[in-house]
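The values are calculated or read from the model by the stated rules, or taken from the named source; none is laboratory data. Keep in mind that what you see is a predicted model, and the values were worked out from it rather than measured. Because the Cβ atoms are built from the backbone with ideal geometry, glycine has one as well, and the counts that use them run over all protein chains shown. Note: areas computed on protein heavy atoms with side chains; ligands, DNA, RNA excluded. Shrake-Rupley method; radii C 1.70, N 1.55, O 1.52, S 1.80 Å.
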Amino acid sequence: MELNNTELKRLLFALSDIPSVSGMEYTAEEALCELIGEHFDFYRKETSGGHIFGLRCGKENAPKLLIDTHFDEVGFMVTDILEDGFLSVTNVGGIDTRILPAAKINVYGTRTVPAYFASTPPHLQDRSKAGSAPELDSLLLDTSLGEEAKRVVRVGTLCGFASKCEELMFDAVCGHGFDNKASCAAAIAGIAAIDRDKLKYDIYLHLAAREEVGCIGGRTGGYDIAPDLALVLDAEFADFPGIREDKTVTRGKGPSLTASPVCDKKLTARVKKIADECRIPVQKIAYAGRTGTDTDSLNISGVGVPCVLMGIPLSGMHTAEEIVNLNDLTCAARLIKEFAERGE
């Protein structure tokens, strides 16, 4: 696979189109194997619902390099089916309810049903509540199915954002589920570009499940694979006017490397050195404790795993229109390739 923005965009958009709200990642097996299976030596489904793709270097007792990037995305779950095809839902993962009125949603019932969050016209709104975030249980999904909704949808049915991926200016793209499909695309492209003759590890790509509901897949995948070291990729908050600079990184200036007690200092320094040698731009960000990623659970999986956390700068996190810069994905993919070929 060529490491360029065009190829990364194609892969990212294809991954975004695969439904993967936390709890339904297991349904992506066929689509994933068709999309990326040719780049790997083996595949197996992980117990918690994630997907493990492997690449063997051919060396006896080779160390295991785990590249962990969660595949799930935030969404909703149906809690009640009301009259006239309206649905009550609860959140799956962190959702800011201020973005929801009039948002288009896919309801993954016995067939996929388009729906919209019902929106009260401004003329009829209670002015005393103007500007406040609505409670999710006060919002209803309108499926327009009428009584048929009870045949298509069940309590527990999952729902996800339905926006389409689009290309913006200056190598930026937007769409839903880029947290964390952008990292998945970078990881897949980086592994697919590796020169097999230079590969120093047996590589395990873990497209982990249920990160958005408690970093579950990182722990179970780490126990399953028992790697010697791990690179974790996830979305990182991108800056914009008015937000704290020390909590963000900048889109288009390369992936971030995280300083944290749960990240291995020597391994992180090694990745940074490779980035410098290859002139791959990287940014720094620090967390004094937990990172809110699979690194937190993978780090203590089994007897413990030394981890590096790499972030893809992302704007609009956990919304229907998340934005990333393709240059950052390409740089992350190059860094994965170089690390795998050079060894630790």
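The angle separating the long axis of helix 5-16 from the principal Cα axis of greatest extent in the chain is about 50 degrees.
When you work out D = kT/(6 pi eta Rh) for the range 201-258 at 25 °C and 0.890 mPa s, using the Kirkwood radius from C-alpha pairs as Rh and the Stokes-Einstein form, the result is 177 µm²/s. With the gyration tensor restricted to C-alpha atoms of the range 282-327, the semi-axes of the equivalent ellipsoid amount to 25, 13, 10 Å, longest first.
Spin-label model, residue 195 to residue 168: label points 7 Å out along the Cα-to-beta-carbon direction sit 3.7 nm apart. With a ≥ b ≥ c taken as the square roots of the eigenvalues of the C-alpha gyration tensor of the range 131-172, please select rounded if a/c is under 1.5 and otherwise prolate if a/b is larger than b/c or oblate if it is not? Oblate. Sorting the segments 4-14, 298-308 by their residues' average number of neighbouring beta-carbon atoms within 10 angstrom, most packed first, yields 298-308, 4-14. Across the options 28, 42, 11, the greatest Cα extent toward the positive end of the charge dipole of the range 10-59 (unit charges at beta carbon of Lys, Arg, Asp, Glu) belongs to 42. Using Cα-only point scatterers and the Debye equation, what is log10 of I(q)/I(0) for the range 1-109 at each q in 0.12, 0.22, 0.24 Å⁻¹, rounded to two decimals? Taking Cα atoms of the range 1-109 as identical point scatterers yields -0.59, -1.34, -1.44.
With coordinates expressed along the principal axes, the C-alpha atoms belonging to the range 10-72 extend over 38, 26, 17 Å, beginning with the largest.
Based on C-alpha pairs under 8 angstrom that are at least 6 apart in sequence, the range 276-339 has a relative contact order of 25 percent. Mean silhouette area of the range 123-250, derived from the convex hull of its C-alpha atoms and averaged over all directions, reads 14.8 nm². The length gained on full extension between residue 83 and residue 102, counted as 0.36 nm times the residue separation minus their Cα-Cα distance, comes to 4.9 nm.
Maximal additional length on extending the residue 30-residue 253 stretch stands at 76.8 nm, based on 0.36 nm per residue less the C-alpha distance.
With 21 Å as the limit on Cα-Cα distance, the pairs of 9/64; 64/337; 200/266; 273/337; 45/104; 9/265 that go past it are 9/64; 45/104; 9/265. Nonpolar atom fraction for the chain, defined as the carbon and sulfur part of the 1.4 Å probe accessible area, stands at 50 percent.
Relative to the longest principal axis of the Cα atoms of the chain, helix 216-225 runs at roughly 30 degrees. Length, then width, then depth: along the principal axes, the Cα atoms of the chain run 65, 43, 38 Å. The angle between the Cα long axis of helix 326-342 and the main principal axis of the chain comes to about 30°, on a 0 to 90 degree scale. For the range 18-87, the solvent-accessible area works out to 42 Å² per residue, with a probe of 1.4 Å and every protein chain left in place.
From helices alone, the chain scores -7000 deg cm²/dmol at 222 nm; the rule is -39500 (n - 2.57) for each run of n ≥ 4 DSSP H residues, then divide by the residue total. Is the range 233-307 best put as rounded, prolate or oblate by its Cα gyration tensor, with a ≥ b ≥ c the root eigenvalues, rounded for a/c under 1.5, and otherwise prolate when a/b is larger than b/c, oblate when not? Verdict is oblate for the range 233-307. With the crude spin-label approximation of a point 7 Å out along Cα→Cβ, what separation in nm comes out for residue 226 versus residue 272? For residue 226 paired with residue 272, the spin-label model returns 3.3 nm.
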